[in-house]
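**Q** One structure follows; several queries about it will come next.
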């Protein structure tokens, strides 16, 4: 029995799409959303024409990457919230499990072009806002536990992640990953309650991240 040509075509198209998204995620995380489309096609093992058939322009690819990432992060965040009884442990776990969160935060806050795309897309914005709601819950609960310092907000944490988790150049990928994990560990240590210097200004909230 031979495979249905239409089914095979759909499977090939889905595989190509998944390969392009995986390559775009990796390259966007390392180089930002302005990375050459040719480089993404090459990393995905497809031709440039195939890439543009799946995603007609860079904005469509950025949106697809953001949608996929935000959906995965939201699922992870809600799973963590359901499994952890301590909001501080939930926050710490989410921050340590930040490979997907890394790119989502960067797309939402670092790239101006991506920021415009995400801001104007209601579905992407909905997913981003739902993630921030979960993060707000972790932050408020961790403060109530007495584990998170009072002078930080969810916005502070998102900004720290955007700054710390930008992949750096290293001789080997494992060195870059180790460095990112070390930065997250240092960040978590600095977020915990302990005597220390007071931060200037006020806590930055998730509402402060809205670009309106």
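**Q** Scanning region 152-175 for residues that are surrounded by fewer than 16 Cβ atoms within 10 Å (Cβ to Cβ) and closer than 16 Å to residue 103 by Cβ, which turns out modelled with the highest pLDDT?
**A** 163
**Q** Further question: Between a first residue in region 115-130 that is free of Cβ contacts under 8 Å to residues at least 24 places away in the same chain and a second residue that is surrounded by 16 or more Cβ atoms within 10 Å (Cβ to Cβ) and not in a loop (DSSP other than H, G, I, E, B), which pairs have beta carbons less than 7 Å apart while being 6 or more apart in sequence or on different chains?
**A** 125/118
**Q** Picking from 96, 128, 113, 149, which residue would you name as being more than 18 Å from residue 25 (Cβ to Cβ) and modelled with pLDDT under 90?
**A** 96
**Q** Please give the number of the condition residue 39 fails out of (1) modelled with pLDDT of 95 or more; (2) in the same structural domain as residue 118 (by TED's automatic domain parsing).
**A** Residue 39 satisfies all of (1) modelled with pLDDT of 95 or more; (2) in the same structural domain as residue 118 (by TED's automatic domain parsing) except (2).
**Q** Does region 52-60 include one or more residues that are out of contact with any helix residue (DSSP H, G or I) (no Cβ under 8 Å at 6 or more places or on another chain) and at pLDDT below 90?
**A** No, every residue in region 52-60 fails to be out of contact with any helix residue (DSSP H, G or I) (no Cβ under 8 Å at 6 or more places or on another chain) and at pLDDT below 90.
The values are calculated or read from the model by the stated rules, or taken from the named source; none is laboratory data. Note that this is a predicted model, so its numbers are computed, not measured. We place every Cβ from the backbone using ideal geometry, glycine too, and count neighbours over all the protein chains shown.
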